[in-house]
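Notes for the one structure printed next.
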Amino acid sequence: MAQYQGVESASLVSLDGVLVLSVSGDNADPSRDIHSDHDSQGIQTLAALASGWVGQIIRAVGQLSWNRPCRYVLKASEKTLVAHVFDSSFLLLVIEPAIDPEVTRSLMDQAVHQLMGHMQAGGGPGIGAPSASEAPNPLGLFPVQNPPTSGTLASDGPLTESAGEG
C-alpha cells in the first residue's frame, strides 16, 4: 500500500500499541529491514499514539452500534491517519491531506482480507489470537437473542410447552 502516491506509510499495529510491521512510502520495499530502534522510533511512537486513539474510540462509541466500528479517519493540516481495525490489530495509513481517505477504503479492505487469510492459515501476526466470532463479549449494545427452541405458539398467543403431546 505504501507504493501508492500520497501514502507516506503503511503499518500493522496490535491494539495494545506494538508495531508489527511498517513500510514507508519512500522505501516501499518490504524486504528492507530497519536495523536500529532509533531509525524506527518515530513510527513506533505513532503506532502507540494511534493505538490509544483507536482504543478510546472503541470504548466511547463501540457500544453504540451492533458491530464496533472498524474504520477511523483523523484529518489534520499536514497528514491524515486512516485506521482499519480487525481482530486484535489494525492497519494504519499516513496519507497526504490532499488524498481523500475514501480512496483508500477498497485498498485497505483488500489488504485486511489478505492479512486475515494469512492469520487464519497460521502464517502471520496474531497466531492463535481469537477471531471476532470467538470474542468473549457480545458485539454491540443489544446482544443477539436466540428464540426458544422448545414450545409452540398457541392460538390465543401465549407460549405453551409442548412435551410431545399431539
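The values are calculated or read from the model by the stated rules, or taken from the named source; none is laboratory data. Fair warning: this is a prediction, and the values are worked out from it, not measured in the lab. Here Cβ is always computed from backbone atoms with ideal geometry, including for glycine, and neighbour counts include all displayed protein chains. All accessible areas refer to the heavy atoms of the entire protein, side chains included, with ligands and DNA or RNA removed. Shrake-Rupley method; radii C 1.70, N 1.55, O 1.52, S 1.80 Å.
Check off (1) at pLDDT below 55; (2) open to solvent by 40 Å² or more (accessible area, probe 1.4 Å); (3) over 16 Å from the mean Cα position of the chain (by Cα) for Pro97 and give me the number that stays unchecked.
The single condition Pro97 does not satisfy is (1).
Does any residue in the range 69-87 that is in contact (Cβ under 8 Å) with a residue 60 or more places away in the chain come within less than 8 Å, Cβ to Cβ, of a residue that is surrounded by fewer than 19 Cβ atoms within 10 Å (Cβ to Cβ) and assigned to a loop (DSSP other than H, G, I, E, B) six or more places away or on a different chain, and which pairs are these?
Hits for this filter: Lys79/Glu96; Lys79/Pro97; Val85/Leu15; Val85/Arg68; Val85/Pro69; Val85/Cys70.
Any residue in the range 66-78 that is of a type in the set (Val, Ile, Thr), at negative phi and open to solvent by 60 Å² or more (accessible area, probe 1.4 Å)?
yes
Taking Ser40 as the residue in question, decide whether it is more than 18 Å from Thr104 (Cα to Cα), over 15 Å from the mean Cα position of the chain (by Cα), modelled with pLDDT under 85 and open to solvent by less than 40 Å² (accessible area, probe 1.4 Å).
Taking the combined requirement at face value, the residue satisfies it.
Taking the range 1-33, which residues are at pLDDT below 85, surrounded by fewer than 17 Cβ atoms within 10 Å (Cβ to Cβ) and not in a loop (DSSP other than H, G, I, E, B)?
Asp26, Asn27
Find the residue count for the range 45-57, including only residues that are in contact with a Gly (Cβ under 9 Å, 6 or more places away or on another chain) and either free of Cβ contacts under 8 Å to residues at least 40 places away in the same chain or among the aliphatic types (A, V, I, L, M) (or both).
6
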